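Beneath this line is the structure, given in structure tokens, with notes to follow.
Please treat every number below as a calculation from the coordinates, not as lab data. Keep in mind that this is a model prediction, so the values were computed, not measured. Here the Cβ is made from the backbone with ideal geometry for all residues, glycine too, and neighbour counts use every protein chain on show.
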Number of protein chains: 2
Amino acid sequence: MADTLADLAAQLRIDSIRCTTAAGSGHPSSSMSAADIVAVLFQKHLRFDFQQPKAPNNDRFVLSKGHACPVLYSAFKAAGAIDDTELMTLRQFGSRLEGHPNPHVLPLVDVATGSLGQGLAIGVGMALAARLDRLPFRTYVLMGDSETAEGSVWEAFDKAGHYQLDNLCALIDMNRLGQSTETELGWDADAYLARARAFGWHAVAVDGHDLEAIDRAFTEAQGKRGQPTCIVFKTQKGQGYSLIANQPGWHGKPLPEDKAKEAIQELGGERDVRIQVKKPDAMRPSGQDAASALKLPMYEVGQKEATRKAYGDALLALGTARPDVVALDAEVSNSTYSQEFKKAHPQRYFEMYIAEQNMVSTAVGMAVLGKRAFVSTFAAFLSRAYDQIRMAALSNATVHLCGSHAGVSIGEDGPSQMALEDLAMMRAVGGSTVVYPSDANQTAKLLAQLVECQGITYLRSTREKTPVLYPASEEFPIGGCKVLRQSDQDVATVVGAGITLHEALKAYALLKEDGVQVRVIDLYSVKPVDVKTLRKAARETQGRILVVEDHWSEGGLGDAVLEAFTGERARLPTVVRLAVKKLPGSGKPDELLSAAGIDAEHIVDSVTSLVEDSPLDTESDGRPEAGTWGHTNA
Amino acid sequence: MADTLADLAAQLRIDSIRCTTAAGSGHPSSSMSAADIVAVLFQKHLRFDFQQPKAPNNDRFVLSKGHACPVLYSAFKAAGAIDDTELMTLRQFGSRLEGHPNPHVLPLVDVATGSLGQGLAIGVGMALAARLDRLPFRTYVLMGDSETAEGSVWEAFDKAGHYQLDNLCALIDMNRLGQSTETELGWDADAYLARARAFGWHAVAVDGHDLEAIDRAFTEAQGKRGQPTCIVFKTQKGQGYSLIANQPGWHGKPLPEDKAKEAIQELGGERDVRIQVKKPDAMRPSGQDAASALKLPMYEVGQKEATRKAYGDALLALGTARPDVVALDAEVSNSTYSQEFKKAHPQRYFEMYIAEQNMVSTAVGMAVLGKRAFVSTFAAFLSRAYDQIRMAALSNATVHLCGSHAGVSIGEDGPSQMALEDLAMMRAVGGSTVVYPSDANQTAKLLAQLVECQGITYLRSTREKTPVLYPASEEFPIGGCKVLRQSDQDVATVVGAGITLHEALKAYALLKEDGVQVRVIDLYSVKPVDVKTLRKAARETQGRILVVEDHWSEGGLGDAVLEAFTGERARLPTVVRLAVKKLPGSGKPDELLSAAGIDAEHIVDSVTSLVEDSPLDTESDGRPEAGTWGHTNA
């Protein structure tokens, strides 16, 4: 065995060198340290059907150290899944073999990696999905040693230990060298072992270039019950080529052609070893319940209910109708109301405690294996997982996010708990869908549509109870909006969503008393935005639009409305934005909406000012100086 | 001693109950578990001059579990720093005593807390600052047990262990109960101890309601050399009132008036104990070097240099001129070029390894103690620390962020390494300043201004070398822009910044060959944006503006330009946006700029199309459906 494996490992190194030298960039040294681990795993332990990469019983392999993808691509070649010609297209425009793994183009990988420290959390999701579906596959996550500095890694260690995921195996390629300096822990395997064990793992250290020791460690991990296993492999970066092995200064550098030649010679020359990766056992019946008809919750018009509660009710309904729905929450299920789902479907609810990064990546791991994952916490705290959300989009994962307690209207808890940047953040996620319902029926109807969407979806919910505006029969297509008030006398359009829509409706009534007619639009679909209706409203309301939002003025509803008026054949109307511009404090919701200038009274004032015959002012702007911002209470 | 302390602790509990019951919201039970710890610390160990809260020798106390602020405010009252009348304004509009501590209004606290898991990392920054300035103060961080689920906490444990911060003390209030459920580790003190020790800490567990044991633990921590100390306090949530002590369901709930009365009675009734908090020793001379004149680097026009390199050069120059400048990097100093500073000022460079969350919070800890902290990593990975950045703004901290490797122009590494959302993210930070230089001299000049700004500043740098456009003598005021090309024949304005400005200049030349004159604007100041110049350009170039950016179309340069045309009296141009709309892949920078539709050729095409006599189209929009996004290589 050792001979074939050694041959294979040498080939993985050689191919990693060949393709990176051809590309003129990439990470051969980080690939070479991991080559023996990958060789043993693929040849002896991984059970994977390359003809059916998405087969439910396939073991999963996550290359968390995504920059080492040359060794993975080389293993794919050895397994016959790609050919040498394709391997040599690494990093070229149009190649499926990007600089870091990307499942959009290469379905052989499940997730995008390259932002370090996310793979293990994804593996936690895969391992939890396996357990949920009673599938026997194992999940292997290959990590770099540098990335264990990321806290997200310890969130994942913690969760895997907590959930006793003995179907999960973490592989740490302890090659001692980071990008610019030695790692914090160097070759101190005992330090890694102590950390893994303190988080509830079985942990062993082995020589990562001793093929038999590697083999034994994998076997040991497979036999371990009740605990995940972490294998710490002591390796050398650049192992196999004496010039660079264990030398600093070779991170992310391809070998020049002469050095590549020398290295390949030292490694015994090019060869064509093939791996016969074992296939998994035939799929067992999943025993999953059949889907049933969706029965969304319904609320009476005029009743007061918080949209966060409607989220919980609708999530429960979705979960009852669809056995593929899972829910994750960061220990605030009694605030987000995902507890409604938790109570009814405890086996499909996953308590992620206060660890938002791991929560999102775990959802990604479940999602790419077919679950419809709903993730909830306070909207402010989703900012904790922005990198994970960004990467989830790159992973082509469908993950449904819900952020509660948005905006100043949460009241007394103060600004640390108020999401004021969540819309900006979520709009700027590739391919995302962003909705912001204003009433309970709308929330339910939107959630039922989001579950059919691809990619990252975001629903912003509100803490306060607000009146139900729409009958339960109303439809709310994503990409649409609702014109709630209109006449042929409208002198302006007021656009709101969520909490501010209610303020806009109050303002409408006040203005109407004064004989001023305005159009009121509920812009529940923030991305995509209803271009057609907004343009029509601008045309029909004298080109005046007032947008009011419980969010910083950057990146939210206002920017979404402006977007509708861009393009060659569009022209901007007059757009006035009411948004949060000063740091809010604590107080009652009404006090804070007023202090932020986004309540009915301020809408009335702004409309009044807007419809006055103001001359164009093109010289001055009246904006604050850089870096100044006040406090509303000051 | 025990009697007075017990009396004080009872008073802290009573006052925590009184003020939350008066407020009708807040977290008495979480305050009560910590009351004995706070009483002993304030009475016996903390050295703090309440007359001079910012005195350099004061010990620092960070309440990481910010929701327990009633006990902190109650301690401030006992120390005479606030009075009972003010205490009873808790959570009211206009009060300095917000639902979570906020230094904008209450200078007695150094930082805003309330997003859990950030306090220890801030403490790391304070402890590093103490060491740097050879100041003898100690930093205490009081954490909840639930928040140890946050990975950021383990990043901080890791760094404090790595840097052997024996002037730092972490206090874990292990009260077993989270918001909605029991914590993962319950009362398993050994698990906490094992984790802390595995990360290099001295760690002890004590009964958090045994005043003498608490006292001894603090004394032990003060005596420990070469290691930070973690004290795990076994406590009961709601301790002191038998009805709620150690009972679930009382998180974040004030006691109703009758129960409050009962609790106060059980606690022995109201009293007025005063703490005489010890003052620190008189300030020793810091021995800090004097500031010297700033000598910024200079580059020749036409020379090619990357703005990331200019960032490093300018940071070095700032560091040489100003002894208060410190730099932190997430192990990519050879990519961001903060290595230039590191080489010259190693004692003021802090290697934060791949742990962006801790890096930002550590910078906050240093910043609030007077350092000018510069933080750099790949722009994409600053998304990892968005919550920390958000909270840094709430902390009123001045932190200078630099994100390198922005946009598709990084080339072969692929989308995981490309920041395409960073401008959206940074614009939506309260009070932030955002700049995006296009050449080396501009970078240096902007950095020299940013160091004078308050709040969060962000500089976006570019991987590729680009030609120097401006002489070293040029000035670039923040809030301004540069009109690089203009004539009285301009038919449109092209706005670019950073890498796309160079494409805009190429497009200008191509268009000019065809007899088409356009204005070209370098919008280096993204927030605040130069409203006046943009409006003037729109007026003078037939109301046509084309914005081109290496960023998703949401939240970046395009939205910043649109912002300039909002407001009652704005004149309204046609705005066309070229931005990244499909998932990029790997490839050469030029290939990727072209594939994203943001290179010179696409600018030429768009201008040409824009100036053709297109009718306004207000009916259709031609936007993609929700949830669809392609891949440029597909």
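For the stretch B:66-77, backbone phi angles converted through the Karplus equation (6.51, -1.76, 1.60; θ = phi - 60°) give residue-by-residue couplings of x, 5, 8, 4, x, 5, 5, 4, 5, 5, 4, 5 Hz, Gly and Pro being listed as x. Counting neighbouring Cβ atoms within 10 Å and putting the fewest first, the residues A:Arg176, A:Arg427 line up as A:Arg176, A:Arg427. Placing a label point 7 Å from the Cα of B:Asp7 along the Cα-to-Cβ line, the residues of the stretch B:67-108 whose backbone N sits under 19 Å from it are B:74-81, B:84.
Positive-end ranking of B:Met425, B:Leu8, B:Gln486 along the dipole of chain B, with charges on Cβ about the Cα centre, is headed by B:Leu8. The residue list B:Leu116, B:Ile17, B:Ala78 was ranked by how far each Cα lies along the charge dipole of the stretch B:1-143 toward its positive end, using unit charges on Cβ atoms, and B:Leu116 comes out on top. Computed from the Cβ-Cβ distance with R0 of 51 Å, the FRET efficiency linking B:Gln489 to A:Lys54 stands at 0.30.
To two decimal places, what compactness ratio does the stretch A:459-565 give when its Cα radius of gyration is scaled by 2.2 N^0.38 Å?
1.02
Scoring B:88-95, B:110-117 by mean Cβ neighbours within 10 Å over their residues and listing the highest first yields B:110-117, B:88-95.
Charge tally around A:Glu340: other residues with Cβ under 10 Å, Lys/Arg +1 each, Asp/Glu -1 each, net +2.
Counting Cβ atoms of other protein chains within 10 Å of each residue's Cβ and taking the mean over peptide B:481-493 gives 0. Residues whose amide H lies under 5 Å from that of A:Leu578, counting only those 5 or more places away or on a different chain, are A:Val547, A:Val548, A:Glu549; hydrogens are built 1.01 Å from N in the peptide plane. For B:Ser33, B:Ser432, B:Ser180, the sequence from fewest to most other C-beta atoms within 10 Å is B:Ser180, B:Ser432, B:Ser33. Report, as a whole number in µm² per second, the diffusion coefficient that Stokes-Einstein gives for chain B at 10 °C and 1.306 mPa s using the Kirkwood radius over alpha carbon pairs. Calculated translational D: 60 µm²/s.
Enter the Cα centre distance for the pair the stretch B:244-280 and the stretch B:559-585, rounded to the nearest angstrom. Comparing the Cα centres of the stretch B:244-280 and the stretch B:559-585, I get a distance of 54 Å. Shielding value for B:580-589 is 6, the average number of Cβ atoms from other chains within 10 Å of each residue's Cβ. Dipole magnitude for chain A: computed about the Cα centre from +1 point charges on Lys and Arg Cβ and -1 point charges on Asp and Glu Cβ, it is near 1560 debye. Quantify how much of the Cα-Cα distance distribution of the stretch A:322-433 extends past 19 Å, in percent. Percentage above 19 Å: 42. Put simply, when A:386-398, A:231-243 are sorted by average Cβ atoms within 10 angstrom per residue, most first, you get A:386-398, A:231-243. Between this copy and the others, label points of B:Glu212 are 6.1 nm apart in ascending order, each placed 7 angstrom from Cα in the Cβ direction. Remark: label point of B:Gly226 defined 7 Å out from Cα along the Cα-Cβ vector; separations to the same position in other copies 3.7 nm, ascending. Mean silhouette area of the stretch B:196-298, derived from the convex hull of its C-alpha atoms and averaged over all directions, reads 14.7 nm².
Remark: the protein assembly as shown carries a charge dipole of roughly 960 debye about the Cα centre, counting +1 on each Lys and Arg Cβ and -1 on each Asp and Glu Cβ. With the convex hull drawn around the C-alpha atoms of the stretch A:235-278, the volume per residue stands at 110 Å³. Note on A:Asp84/B:Gln542: beta-carbon distance plugged into 1/(1 + (r/R0)^6) with R0 of 60 Å gives a FRET efficiency of 0.60. Restricting the calculation to Cα atoms, the stretch A:109-218 shows an Rg/Rh of 0.95 when the hydrodynamic-style radius is the Kirkwood one. Fewest neighbouring Cβ atoms within 10 Å first, the residues B:Ser152, B:Ser487, B:Ser30 line up as B:Ser487, B:Ser30, B:Ser152. Relative to the longest principal axis of the Cα atoms of chain B, helix B:211-223 runs at roughly 50 degrees. Taking one quarter of the surface of the convex hull spanned by the alpha-carbon atoms of the stretch A:276-369 gives a direction-averaged projected area of 8.5 nm². Relative to the other identical copies, B:Gly515 shows label-point distances of 5.6 nm, where the label point lies 7 Å from Cα along the Cβ direction and values run shortest first. By Cβ position, the chain A residue that hugs the axis carrying A onto B most closely, with its distance in whole Å, is A:Leu572, 1.
Residue by residue along B:591-599, Cβ atoms of other protein chains within 10 Å of the local Cβ number 1 on average. This model, with +1 at the C-beta of Lys and Arg and -1 at the C-beta of Asp and Glu, gives the stretch B:173-272 a dipole about its Cα centre of some 420 debye. An ellipsoid equivalent to the protein assembly as shown, defined through the eigenvalues of its Cα gyration tensor, has semi-axes of 41, 41, 32 Å when rounded to whole angstrom and sorted largest first. Each principal axis of the Cα cloud of the stretch B:167-218 was evaluated for its coordinate range; sorted largest first, these ranges are 34, 28, 17 Å. Note on the protein assembly as shown: dipole from Cβ charges, positive end direction compared against A:Ser609, B:Leu562, B:Pro248; the farthest Cα belongs to B:Pro248. Please list, by residue number, everything in the stretch A:96-140 whose backbone N is under 15 Å from a paramagnetic label point 7 Å out along Cα→Cβ of A:Asp289. It comes to A:133, nothing else. Based on C-alpha pairs under 8 angstrom that are at least 6 apart in sequence, chain B has a relative contact order of 12 percent.
Sequentially through the stretch B:520-529, phi angles give Karplus couplings (6.51, -1.76, 1.60; θ = phi - 60°) of 10, 10, 9, 8, 5, 9, 7, 8, x, 9 Hz, Gly and Pro residues having no value and appearing as x. Here the Karplus curve 6.51 cos²θ - 1.76 cosθ + 1.60, taken at θ = phi - 60°, turns the phi angles of the stretch A:350-357 into couplings of 10, 6, 9, 6, 7, 8, 5, 4 Hz, with x standing for Gly and Pro. Cross-link pairs exceeding 30 Å between alpha carbons, from the set A:Lys65/A:Lys445; A:Lys159/A:Lys588; A:Lys259/B:Lys465; A:Lys65/A:Lys371; A:Lys512/A:Lys588: A:Lys65/A:Lys445; A:Lys159/A:Lys588.
A cut-off of 5 Å between modelled amide H atoms, ignoring neighbours fewer than 5 places along the same chain, links A:Leu328 with A:Phe350, A:Phe374, A:Val375, A:Ser376.
Using the Cβ atoms and a cut-off under 10 Å, what net charge is assigned to the surroundings of A:Gly411, where Lys and Arg are +1 and Asp and Glu are -1? Taking every Cβ under 10 Å from that of A:Gly411, the sum is -2.
With r as the distance between the Cβ atoms of A:Ser473 and A:Asp272 and R0 = 51 Å, compute the FRET efficiency 1/(1 + (r/R0)^6) and round to 0.05.
0.20
Just how far, in whole angstrom, is the stretch A:498-533 from the stretch B:410-487 if you go by their alpha carbon centroids? With the stretch B:410-487 and the stretch A:498-533 each reduced to a Cα centre, they are spaced 37 Å.
Each peptide in B:50-59, B:122-131 gets a packing score, the mean of other Cβ atoms within 10 Å over its residues, and the list from highest to lowest is B:122-131, B:50-59.
Only Cα pairs under 8 Å and 6+ residues apart enter the sum, and on that basis the relative contact order of the stretch B:1-100 stands at 32 percent.
The Cβ shell under 9 Å around A:Ala355 holds other residues with a net charge of -3, Lys and Arg each +1, Asp and Glu each -1.
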